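All remarks here apply to the structure that follows.
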Amino acid sequence: MIQESEYLTKEKFEELQKELESLKTNKRKEVAESLEYAKGLGDLSENAEYHEAREMQANVEDRIAKLESILQSAVIVSEKHGGIVGVGSIVALQKEKDQSKQTFTLVGSEEVDVPQGKISIHSPLGSALIGKRKGERVEFKSPSGLVGYHITEVK
């Protein structure tokens, strides 16, 4: 299986590293203690605490595996783009139909925060913007049909 690169800012990369370290040290220990306690309660087949601890263990191990995969394939993005839209670019757009203006920051999938204006480069709008410049027009398919924007600024 070919692993796609995960685009991250330096800050997000460091945040994920800290989360991974915490999961491997603190959270694993907590889960192990919960499992030991639950085993001491008796019959495991009807022991809700034991089943809950096992589920928690599975969730922690899944998150560790996901973080390791993300960090292994991470590409740290810089802020310099030379006027071309790329990962980390801040793009000001003007919608064609109603002339409304919006500003978005293009990020990797781990940093998406739509209320904060951070959209994925893999989203329909994000993928339409990649490689474009100020003054160009982009169009993408949304649930409500085709939407067109003019790029008014690229930082």
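Taking S45, is it touching a Ser or Thr at 6+ places or on another chain (Cβ under 7 Å) and either at pLDDT 85 or above or not assigned by TED's automatic domain parsing to the domain that holds Q102 (or both)? Spell out how you get there, then give the answer.
On the way: touching a Ser or Thr at 6+ places or on another chain (Cβ under 7 Å): no; either at pLDDT 85 or above or not assigned by TED's automatic domain parsing to the domain that holds Q102 (or both): yes.
No, not satisfied.
Tally up the residues in the range 114-131 that are among the hydrophobic types (A, V, I, L, M, F, W, C), in contact (Cβ under 8 Å) with a residue 40 or more places away in the chain and either under 18 Å from I70 (Cα atoms) or exposed (fewer than 15 other Cβ atoms within 10 Å of the Cβ) (or both), please.
Of the range 114-131, the ones among the hydrophobic types (A, V, I, L, M, F, W, C) are 114, 119, 121, 125, 128-130.
Right, trim to in contact (Cβ under 8 Å) with a residue 40 or more places away in the chain and you get 121, 129-130.
Subset that is either under 18 Å from I70 (Cα atoms) or exposed (fewer than 15 other Cβ atoms within 10 Å of the Cβ) (or both): 121.
Count: 1.
Taking the residues in the range 83-115 that are part of a helix (DSSP H, G or I) and within 13 Å of the chain's Cα centre (by Cα) as candidates, determine which candidate is farthest from L16 (Cα to Cα).
Residues of the range 83-115 that are part of a helix (DSSP H, G or I), as a first pass: 109-111, 114-115.
From what is left, the residues that are within 13 Å of the chain's Cα centre (by Cα) are 109-111, 114.
On the way: S109: 13, E110: 10, E111: 11, V114: 20 Å.
Residue satisfying both the conditions and the ranking: V114.
Is it the case, given these coordinates, that K141 is more than 19 Å from E4 (Cβ to Cβ), exposed (fewer than 12 other Cβ atoms within 10 Å of the Cβ) and touching a helix residue (DSSP H, G or I) at 6+ places or on another chain (Cβ under 8 Å)? So that I can check it myself, show each step before the final result.
On the way: more than 19 Å from E4 (Cβ to Cβ): yes; exposed (fewer than 12 other Cβ atoms within 10 Å of the Cβ): yes; touching a helix residue (DSSP H, G or I) at 6+ places or on another chain (Cβ under 8 Å): yes.
Yes, satisfied.
Quick one: T9 ticks every box in (1) free of Cβ contacts under 8 Å to residues at least 60 places away in the same chain; (2) buried (at least 18 other Cβ atoms within 10 Å of the Cβ); (3) among the hydroxyl-bearing types (S, T, Y) bar one, so which box is it?
So T9 meets the others, but not (1).
Does the range 92-113 contain at least one residue that is among the aliphatic types (A, V, I, L, M), loosely packed, with under 15 Cβ neighbours inside 10 Å and not assigned by TED's automatic domain parsing to the domain that holds T25?
The initial filter retains those residues of the range 92-113 that are among the aliphatic types (A, V, I, L, M), namely 92-93, 106-107, 112.
Within this subset, residues satisfying the condition of being loosely packed, with under 15 Cβ neighbours inside 10 Å are none.
No, the conditions are met nowhere in the range 92-113.
Test I119 against the stated conditions and say whether it is in a strand (DSSP E or B) and within 21 Å of the chain's Cα centre (by Cα).
Working: in a strand (DSSP E or B): yes; within 21 Å of the chain's Cα centre (by Cα): yes.
Taking the combined requirement at face value, the residue satisfies it.
Run down E30, E61, E49, E19 and say which single residue is touching a residue at least 40 places away in the same chain (Cβ under 8 Å) and surrounded by 12 or more Cβ atoms within 10 Å (Cβ to Cβ).
Working: E30 fails: touching a residue at least 40 places away in the same chain (Cβ under 8 Å); E61 fails: touching a residue at least 40 places away in the same chain (Cβ under 8 Å); E49 fails: touching a residue at least 40 places away in the same chain (Cβ under 8 Å).
Only one candidate passes the filter, namely E19.
The values are calculated or read from the model by the stated rules, or taken from the named source; none is laboratory data. Only a predicted model underlies this, so the values are computations on that prediction, with no experimental measurement involved. Every residue, glycine among them, receives a Cβ derived from its backbone with ideal geometry; neighbour counts consider all protein chains shown.
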